[in-house]
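Colleague: Sharing a structure with you now.
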Amino acid sequence: MGQKNNQLKEAEHFAELICDLMRTCNISEEFFASSFNISPAEFRLLKVFFFTESISVKALCEKLNLSPGRITQIVKNLEEKKFVKRSSDISDKRNTIVTLTTKSKPFITNLYDSHIKIHQNLLNQLDQEKRDALAHLLEILIQDFKKRISK
């Protein structure tokens with residue numbers, strides 16, 4: 001009974017740590033986004049453009065797990081800020097492609113560099129063994145969460 005009680009307490013502590021990490025990440029993301037005068041939703045969408053210059057609305061919906069209506073609203077806001085533009089897919093007119101504007105490319109580069117710098121500062125506090133262990137544990141957590149939500 002004692003070992004089972006300890007395992008339960010350990011699981012409760014672990015659950016609270018994960019919830020606290022998620023809350024802290026959300027707060028950090030809000031703070032980071034506001035420092036660039038964008039919303040957290042706009043930041044999450046713009047992060048997709050760290051690695052591509054254009055993407056379909058359908059692919060954005062899948063990547064960000066948001067409805068087409070919500071993606072359209074975020075894109076509209078970013079379009080008003082002249083960060084992205086929409087166009088019809090040449091091969092399928094039903095699809096909309098979102099593309100970075102020329103004006104936004106330096107902004108995206110700065111956003112990316114700043115985002116990576118925050119994480120680099122965190123990693124600099126750890127030796128290589130702890131970095132490797134942390135990355136491994138985070139990968140396990142992500143895989144487990146994905147398995148549970150895909151059932």
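The values are calculated or read from the model by the stated rules, or taken from the named source; none is laboratory data. These numbers come from a predicted model, not from an experiment. Every residue, glycine among them, receives a Cβ derived from its backbone with ideal geometry; neighbour counts consider all protein chains shown.
Colleague: Which pairs have Cβ atoms under 7 Å, sit 6 or more apart or on different chains, and link a residue in the range 59-83 that is over 13 Å from T96 (Cα atoms) to one that is surrounded by fewer than 14 Cβ atoms within 10 Å (Cβ to Cβ)?
Modeller: Between residues of the range 59-83 that are over 13 Å from T96 (Cα atoms) and residues that are surrounded by fewer than 14 Cβ atoms within 10 Å (Cβ to Cβ), the close pairs are K82/K103.
Colleague: Could you tell me how many of the residues in the range 136-150 are surrounded by fewer than 11 Cβ atoms within 10 Å (Cβ to Cβ) and either not charged (D, E, K, R) or not in a helix (DSSP H, G or I) (or both)?
Modeller: Final tally of qualifying residues: 7.
Colleague: Among S104, S91, which is at pLDDT below 95, in the same structural domain as F51 (by TED's automatic domain parsing), among the small types (G, A, S) and within 15 Å of T52 (Cα to Cα)?
Modeller: Sole residue among the options that is at pLDDT below 95, in the same structural domain as F51 (by TED's automatic domain parsing), among the small types (G, A, S) and within 15 Å of T52 (Cα to Cα): S104.
Colleague: Sort out which residues of the range 101-128 are more than 26 Å from C25 (Cα to Cα) and either among the acidic types (D, E) or within 22 Å of the chain's Cα centre (by Cα) (or both), and write them in order of number.
Modeller: Narrowing the range 101-128 to residues more than 26 Å from C25 (Cα to Cα): 101-103.
The one that is more than 26 Å from C25 (Cα to Cα) and either among the acidic types (D, E) or within 22 Å of the chain's Cα centre (by Cα) (or both): T101.
Colleague: Any idea how many residues of the range 17-70 are closer than 30 Å to R94 by Cα, surrounded by 11 or more Cβ atoms within 10 Å (Cβ to Cβ) and among the small types (G, A, S)?
Modeller: The total comes to 5.
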